[in-house]
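Here is the structure we will look at.
Each reported figure results from applying straightforward, stated rules to the coordinates on display, with no laboratory input. Quick caveat: nothing in here was measured; it's all calculated off a predicted structure. FYI the Cβ positions are ideal-geometry reconstructions off the backbone, even for glycines, and counts take in every protein chain you see.
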Amino acid sequence: MTKFGQLAKTADQNRKVLDLYDRYLVGNRSQRKEAEVLHWLLTKNLTDGQLGGRDRSGYWSASSAGRCSREQQFTYLGFPGKRNDVQSQNIFDNGDFLHLRYQVAGIIGGWLTDAEVPVLLSKDGVRVRGTMDGVLEWGEVLELKSINSRGFATVTDLGPKRAHKLQATAYMMASGMKRTRFVYENKDRNTNAEFVFDLEYGYEQLVMEQWTELTTLTNWQQLAKRLPDCINERGMEWRYCQFQEICEHAQFPVKKIVLT
C-alpha cells in the first residue's frame, strides 16, 4: 500500500509554476518593468472601502478560515488588535516580499493573469471577503507560502497543511475556481515545493459550518469559546494572535443608542 507521504511527494513532481518561475529568474529581465509591476501590486488595493481593502470588519476573512473562532469574531467586530513585535513583523514582511517576487515574475511572464485578487462570497447570510495571491492563466488559484525548515519538511512529506487547505477552500468557494496550486518556499535553505489541491466537499462543509456558527453567535451577540491552548497561554495561535491581550476578558460590544 502506498503511504500518504509518498503520495504527497509524487504530487510535488508537477512543478508547473516553479518551472515557469525558474525560467523567469534566469531569463532576460527588465528592472523598469519589474518596478512598474511592483508599484501596481503595492497600490492596487489600498482603499479599505473597495472590495480589495484589508479591513475585514463586517465580513469573515477567507484567509482565517479554520482558525480560532473567537479571533475571527474580533476581526469581524472591529476589535483593536495589538501591534506586532519586531520578530513577528519581520516574519510577516518576509512572507510579503516572497509574494512579490513570485507575483512580479508571474505577471511579467504572463502565467499570472492577476495578483492580490479581491474575492467576495455572500451565501445564506454568511459574508466573506479575501484577497487571493494570484490567478494562474490556466484557471487555478495560486497560494504562496514562506515556511521554515521544520514546516517545509512536514509539507514535503505530507502535503499542504490542513490550515492552508481550509484557506484555499475559502478562496475557491468565493472565486468559483476548483483547484489551488500551492508553492512553499523554505526561507532557511532557499528550496521550494509545489502541490495541487482540488476543491473537496468535506473541506467546503467544514468552512461553511464554522462561518454559519460564527454568524449565528454574532447575531446572538455572543463570543465563541476560547481555545484550550489559549486558556493555558501556549501554542502558535495564541503566540501570534493580535487579540491575545484582550481575549480573556473581552465582552461582546454593546451598540450605542443614538437619539434623533
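Measure out, as a whole number of angstrom, how far apart the alpha-carbon centroids of region 128-186 and region 86-106 sit.
First find each Cα centre; the distance between them is then 15 Å.
Below 8 Å between Cα atoms, with a sequence gap of 6+, how large is the relative contact order for the chain in percent? Could the numbers behind the result be given before it?
Values: 365 pairs, mean separation 59.3, N = 260.
Over the chain, the number comes to 23 percent.
List the aspartates and glutamates whose Cα lies under 15 Å from the Cα of residue 161, skipping any in the same chain that are fewer than 8 positions away.
The qualifying aspartates and glutamates are 12, 143, 185, 194, 198, 200, 237.
Sort 231-239, 209-217 by the packing proxy (mean of other Cβ within 10 Å over each peptide's residues), most packed first.
209-217, 231-239
How big is the charge dipole of the chain about its Cα centre, in debye rounded to the nearest 20, if each Lys and Arg gets +1 on its Cβ and each Asp and Glu gets -1 on its Cβ? Could the numbers behind the result be given before it?
Numbers: 35 positive and 32 negative charges, 30 e Å.
Here the chain has a charge dipole of around 140 debye.
Divide by every residue of the chain the summed helix terms, -39500 (n - 2.57) for each DSSP H run of at least 4, and state the resulting mean residue ellipticity at 222 nm, rounded to the nearest 500 deg cm²/dmol.
Details: 10 runs with 115 residues, N = 260.
Value at 222 nm, helices only, nearest 500: -13500 deg cm²/dmol.
Using a/c under 1.5 as the rounded threshold, could you call region 200-254 rounded, prolate or oblate? The axes a ≥ b ≥ c are square roots of the C-alpha gyration tensor eigenvalues, and prolate needs a/b larger than b/c, oblate otherwise. It would help to have the intermediate numbers written out before the result.
Numbers: a/c = 2.87, a/b = 1.26, b/c = 2.28.
Oblate, because a/c is 1.5 or more while a/b does not exceed b/c.
Which entries in 178/225; 123/165; 44/178 show an alpha-carbon gap greater than 27 Å? If you can, show how the numbers build up before the last one.
Details: 178/225 33 Å; 123/165 20 Å; 44/178 25 Å.
In this structure, 178/225 exceed 27 Å between Cα atoms.
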